[in-house]
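What follows is one structure encoded as structure tokens, with my remarks underneath.
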Amino acid sequence: MSILLLSLTLHAADKKPNILFIAIDDQNDWIGYLGGHPMVKTPFIDALAKRGTAFTNAHCQSPLCNPSRTSLMTGLRPGSTGIYGLAPWFRNVPEFKNVVTLPQYLKKHGGYTTYSTGKIYHGRYGRQKTDKEFDVLGPGASGRPFPPKKLVTTPFGNHPLVDWGTFPHQDTDKGDWKVASWAVDQLDKKPTEPFFLSVGFFLPHVPCFATPKWFDLYPDNDTVLPDIVRGDRNDTPRFSWYMHWYLPEVRRKWLEENKEWRNLTRSYLACTSFVDSQVGRVLTALKRNGFDDNTIIVLWSDHGWHIGEKGITGKNSLWDDGTRVPLIFAGPGVKPGQICAQPAELLDIYPTLNELLKLPKNKTLQGHSLLPQLRNAKAPRPWPAITTHNHDNHGIRTENWRYIQYADGSQELYDMRKDPNEWTNLAHDSKFADIIAQHKKFLPKKNRQPAPGSRSRILIYKNGKVNWQGKDIDPKASIPGLN
């Protein structure tokens, strides 16, 4: 080997790996490798899963955009920050103004140039000139284009984003196409410095609009509908309804009465496949530009989404449909072709990347590195995945069980081996008392009240009273959308 070739080889070996950080909004487990829907077509994400280690039991820290993304990027649980709603931006809370986020830590300790496009933090958070979260910003997230008028008229205020279906437009018109195009352009420029490229896709978040080619992947009949059991909520506490008491997302009852359940299901599936194609465009550009062998790829979603299961649509729940998400690592330091069933959290991404990159340990982080599982998917993991929605409401997900405790002390327990759809609540059966006790040990000790400036989907329980977005709920009130 010549001295020049040896020098180039050593230089390549010493070079820090790049990071491609792909986020998908409201993406539940309807991804091929997760098996959440038997018909879904996600070839690019499934190919990525085979290239790396794919987690089948990964869960968000909050079933809502802002608190979930805040937790992932800061490494702190929602109960530690009090960020539970769509506001505030955590840097507007004095105590957390100077928290060092994942991209900032990579820049400071790894010398990374940080790029971002689409939705990484919620909305425009992190994208203002004063935020200084990223070095280079591309286009923000967008659900556009929209039809001239809403395709579906819904109750609960007829929120403009709660819409779905197809109308005349092109894939190239869509916000996610533009997000992917910007990411491709950055890769085509062949940056020489180590980069952290974060790419956040908007879909399949509502409005679920897709062009006809993606709808054509799925049959226009009821075989596309998810499995349900009528009366599934009869054995769940009333407090479970308070979690999503009055929201723009419609109940399944409304979908069925208005013959929109199939349309929404196909729309969500179509949008999922479209986003998969945009992930494919970015991954193709990564390979075309020679970054494939030296880039750590992380793909994740901020939370799940119900499409009729448990009688609801949308998020804001502590069941698997609301918390389970795709999570894939691929690239240097990651064993390929692995499926890991150990519980994992989005909170674990930050410490995992730090350990993969051999950066100094950030002792403020509350997650745990997944590096043992990235090397051996069967490596035991002593921690469960914990999801929180508003103060003192927690879901504890271990490998075989889901335990939920609400702020009023009411409980649910599901045997995920025998009952993966969580149709039978076992919490009232005394023979499972030991299982419940084991899971209660993991309930977070910090349960702050909502941070100052909190708004949108805020639930407070105090002195036996339930307050939803500033209004007390009558304990005898009818559940909205069911009567």
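The values are calculated or read from the model by the stated rules, or taken from the named source; none is laboratory data. Remember, predicted model here, so these are calculated numbers, not experimental data. Methodologically, a virtual Cβ is constructed for each residue, glycine included, from the backbone with ideal geometry; neighbour enumeration extends over all protein chains shown.
Which is over 30 Å from Asn18 (Cα atoms), in a helix (DSSP H, G or I) and modelled with pLDDT of 95 or more, of Lys287, Lys213? Don't jump to the end; show me each part of the working.
Numbers: Lys287 fails: over 30 Å from Asn18 (Cα atoms).
Going through Lys287, Lys213 in turn, the sole match is Lys213.
For Leu151, indicate whether it is touching a Leu at 6+ places or on another chain (Cβ under 8 Å) and either farther than 30 Å from Leu106 by Cα or in a strand (DSSP E or B) (or both). Give the derivation first.
Numbers: touching a Leu at 6+ places or on another chain (Cβ under 8 Å): no; either farther than 30 Å from Leu106 by Cα or in a strand (DSSP E or B) (or both): yes.
No: the conditions fail for Leu151.
For region 247-265, state whether one or more residues are closer than 28 Å to Arg402 by Cα, assigned to a loop (DSSP other than H, G, I, E, B), among the basic types (Lys, Arg) and without any contact (Cβ under 8 Å) to a residue 60 or more places away in the chain.
No, every residue in region 247-265 fails to be closer than 28 Å to Arg402 by Cα, assigned to a loop (DSSP other than H, G, I, E, B), among the basic types (Lys, Arg) and without any contact (Cβ under 8 Å) to a residue 60 or more places away in the chain.
Just checking, does region 419-442 include any residue being farther than 30 Å from Gly82 by Cβ, modelled with pLDDT of 95 or more, among the basic types (Lys, Arg) and more than 24 Å from the chain's Cα centre (by Cα)?
Looking for residues that are farther than 30 Å from Gly82 by Cβ, modelled with pLDDT of 95 or more, among the basic types (Lys, Arg) and more than 24 Å from the chain's Cα centre (by Cα), one finds at least one in region 419-442, hence yes.
Name the pairs: first residue in region 464-483 and touching a residue at least 60 places away in the same chain (Cβ under 8 Å) and surrounded by 15 or more Cβ atoms within 10 Å (Cβ to Cβ), second residue among the basic types (Lys, Arg) and not in a loop (DSSP other than H, G, I, E, B), Cβ to Cβ under 7 Å, at least 6 apart or on different chains?
Listed by first residue and then by second, the contacts come to Gly481/Arg251; Gly481/Lys253.
Condition first: touching a residue at least 60 places away in the same chain (Cβ under 8 Å) and either assigned to a helix (DSSP H, G or I) or charged (D, E, K, R) (or both). Now tell me which residues in region 182-204 satisfy that. Give the steps one after another, and end with the answer.
Here is the first cut: in region 182-204, the ones touching a residue at least 60 places away in the same chain (Cβ under 8 Å) are 182-184, 186-188, 190-191, 193-204.
Within region 182-204, Trp182, Ala183, Val184, Gln186, Leu187, Asp188, Lys190, Glu193 meet the criteria.
Please identify the pairs in which a residue from region 278-304 that is within 16 Å of Lys50 (Cβ to Cβ) and of a type outside the set (A, V, I, L, M) has its Cβ atom under 8 Å from the Cβ atom of a residue that is outside any loop (DSSP other than H, G, I, E, B) and at pLDDT 95 or above, counting only partners at least 6 apart or on another chain.
Final answer for the pair search is Gly280/Pro43; Gly280/Phe44; Asp292/Leu286.
Quick one: is Leu225 touching a residue at least 24 places away in the same chain (Cβ under 8 Å) and crowded, with 23+ Cβ neighbours inside 10 Å?
Values: touching a residue at least 24 places away in the same chain (Cβ under 8 Å): yes; crowded, with 23+ Cβ neighbours inside 10 Å: no.
Taking the combined requirement at face value, the residue does not satisfy it.
Rundown of residues vs (1) more than 26 Å from Gly308 (Cβ to Cβ); (2) surrounded by 14 or more Cβ atoms within 10 Å (Cβ to Cβ), yes/no style:
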{"site": "Asn354", "(1), (2)": "yes, yes"}
{"site": "Leu357", "(1), (2)": "yes, yes"}
{"site": "Thr364", "(1), (2)": "yes, no"}
{"site": "Ser410", "(1), (2)": "no, yes"}
{"site": "Tyr414", "(1), (2)": "no, yes"}
{"site": "Phe432", "(1), (2)": "yes, yes"}
{"site": "Ile436", "(1), (2)": "yes, yes"}
